[in-house]
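J.: Below is the structure I would like to discuss, written out as structure tokens.
Every number in this text was worked out from the coordinates using simple rules, so none of it is lab data. All values derive from a computational prediction rather than experimental measurement. Glycine also receives a Cβ, built like all others from the backbone with ideal geometry; neighbour counts cover every protein chain displayed.
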Amino acid sequence: SKNTLIAPSVLAADFANLQRDIEMINNSEADWFHIDIMDGVFVPNISFGMPVLDAINRHAKKTIDVHLMIVDPDRYISTFKKLGADVLTVHYEACTHLHRTLQAIKAEGMKAGVALNPHTSVDLLEDVIQDIDMVCIMSVNPGFGGQSFIENTYDKIRKLKALIVKKNANTLIEIDGGVTNINAKALVDAGADVLVAGSYVFSAENPVSTIADLKVLTR
Ligand code: DX5
Ligand code: ZN
């Protein structure tokens, strides 16, 4: 049996009741806080920025997993470290010098993640996989919560898992977008280690038990 990490996405929280929703995650079986930062340029949406993450960090008692959907993320690596990020994920498509960016994240003492858009092949990571602590496979086009899951994701997970094994890398596989009780088990069976869930958790009548159910389902 496996300890699949569950990372509720704060993007789907009620921002007028943010402290309540953060405490809900603290008091649940969730493993990580998933924080979506969008700049309105890399993706066609703007989520929230530094002051909000600072407020989240003052209450959050679990690992903070920051997903940067921004252009030129190198500009803000040390800022996100100061704001409490434990894992910092940049987009493959936003980094001209990805290897350098990963070293800069790790030099700040954070785990380094790389996110792939749905059209970006996992094969492109072959020469850098040993430097990556986590690959985030986007199972929707980034920018919005509540979209439907792209089925090709399973093939990408299996391909990535094979690459990680072949290169003897120590890389987690995270899945982000459209995760529910319907696909969670199959994602883990394909090789996923971390599941992000936004609208599925926060639109549930009982988010705490929904998170607990995801833990049981993915054991
Ligand atoms: C999308 C974000 C996701 C989003 C997931 O750009 O990266 O983390 O919050 O939301 P759901 O689970 O509703 O698809
Ligand atoms: Zn995300």
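J.: So how far apart, in nm, are the two label points at Asn170 and Asp189 if each is 7 Å from Cα heading toward Cβ?
T.: Between Asn170 and Asp189, the simple spin-label model gives 3.0 nm.
J.: 7 Å from Cα along Cα→Cβ at both Lys61 and Asn27: what's the point-to-point distance in nm?
T.: Modelled inter-label distance: 1.0 nm.
J.: Starting from the Cα of Ser78, step 7 Å toward the Cβ, then list every residue of the stretch 98-131 with an amide N under 19 Å from that point.
T.: Under cut-off, by backbone N: 100-112.
J.: Would you grab the residues whose amide H sits under 5 Å from the one on Ala115? Only those 5+ places off in sequence or on another chain, please, with H modelled 1.01 Å from N.
T.: Under 5 Å from the amide H of Ala115: Val90, His91, Tyr92, Cys136.
J.: What full-extension length gain, to one decimal in nm, is calculated for Ser209 and Glu93 as 0.36 nm per residue of separation minus the Cα-Cα distance? It would help to have the intermediate numbers written out before the result.
T.: Working: separation 116, 0.36 × 116 = 41.76 nm, distance 3.60 nm.
Extra length from Ser209 to Glu93 when fully extended: 38.2 nm.
J.: Just how large is the dipole of the stretch 133-219 about the Cα centre, in debye to the nearest 20, putting +1 at every Lys and Arg Cβ and -1 at every Asp and Glu Cβ? Present the calculation step by step, with values, prior to reporting the outcome.
T.: On the way: 9 positive and 9 negative charges, 83 e Å.
Dipole of the stretch 133-219, to the nearest 20 debye: 400 debye.
J.: Could you give me the ³J(HN,Hα) list for the stretch 151-166, computed from phi with Karplus coefficients 6.51, -1.76, 1.60 and θ = phi - 60°, whole Hz, x at Gly and Pro?
T.: My calculation for the stretch 151-166 gives 5, 4, 4, 4, 4, 5, 4, 5, 5, 5, 4, 5, 5, 4, 5, 4 Hz in order.
J.: Per-residue HN-Hα couplings for the stretch 108-118, Karplus 6.51 cos²θ - 1.76 cosθ + 1.60 at θ = phi - 60°, whole Hz, x for Gly and Pro?
T.: Going residue by residue, I get 7, x, 9, 6, 9, x, 10, 9, 10, 5, x Hz, with x marking Gly and Pro.
J.: Can you tell which of Val201, Ala190, Ala169 lies farthest toward the positive end of the dipole of the stretch 117-203, using +1 and -1 charges on the Cβ of basic and acidic side chains (Lys, Arg; Asp, Glu)?
T.: Of the listed residues, the answer is Ala190.
J.: Pull up the DSSP beta bridges for the stretch 5-217 and report the antiparallel fraction as a percent, rounded to 5.
T.: Values: 1 of 33 bridges.
Looking only at bridges with both residues in the stretch 5-217, the antiparallel portion is about 5 percent.
J.: Which percent, nearest 5, of DSSP beta bridges in the stretch 11-133 are antiparallel? Could the numbers behind the result be given before it?
T.: Details: 1 of 16 bridges.
That works out to approximately 5 percent antiparallel.
J.: If I take every Cα pair under 8 Å that is 6 or more residues apart in the chain, average their sequence separation and divide by the length, what percent do I get for the relative contact order?
T.: Details: 442 pairs, mean separation 50.0, N = 219.
Computed value for the chain: 23 percent relative contact order.
J.: Another question about this same structure. For the cross-link pairs Lys81/Lys111; Lys111/Lys159; Lys106/Lys156; Lys111/Lys185; Lys106/Lys215; Lys2/Lys215, which exceed 18 Å when the distance is taken from alpha carbon to alpha carbon? Don't jump to the answer; show the numbers that get you there.
T.: On the way: Lys81/Lys111 10 Å; Lys111/Lys159 22 Å; Lys106/Lys156 25 Å; Lys111/Lys185 25 Å; Lys106/Lys215 29 Å; Lys2/Lys215 10 Å.
With Cα atoms farther than 18 Å apart: Lys111/Lys159; Lys106/Lys156; Lys111/Lys185; Lys106/Lys215.
J.: Sticking with this structure for a sec: In whole Hz and in residue order, list the ³J(HN,Hα) couplings for the stretch 16-22 that follow from phi through the Karplus curve 6.51 cos²θ - 1.76 cosθ + 1.60, θ = phi - 60°; x for Gly and Pro.
T.: Once rounded to whole Hz, the list reads 7, 9, 5, 4, 4, 5, 5.
J.: Magnitude of the Cβ-charge dipole of the stretch 5-217, K/R +1 and D/E -1, about the Cα centre, nearest 20 debye? Could the numbers behind the result be given before it?
T.: Details: 18 positive and 27 negative charges, 76 e Å.
Taking the Cα centre of the stretch 5-217 as origin, the dipole is about 360 debye.
J.: Which length gain, in nm to one decimal place, applies between Asp14 and Asp155 when the Cα-Cα distance is subtracted from 0.36 nm times their residue separation?
T.: On the way: separation 141, 0.36 × 141 = 50.76 nm, distance 3.37 nm.
Between Asp14 and Asp155, full extension yields an extra 47.4 nm.
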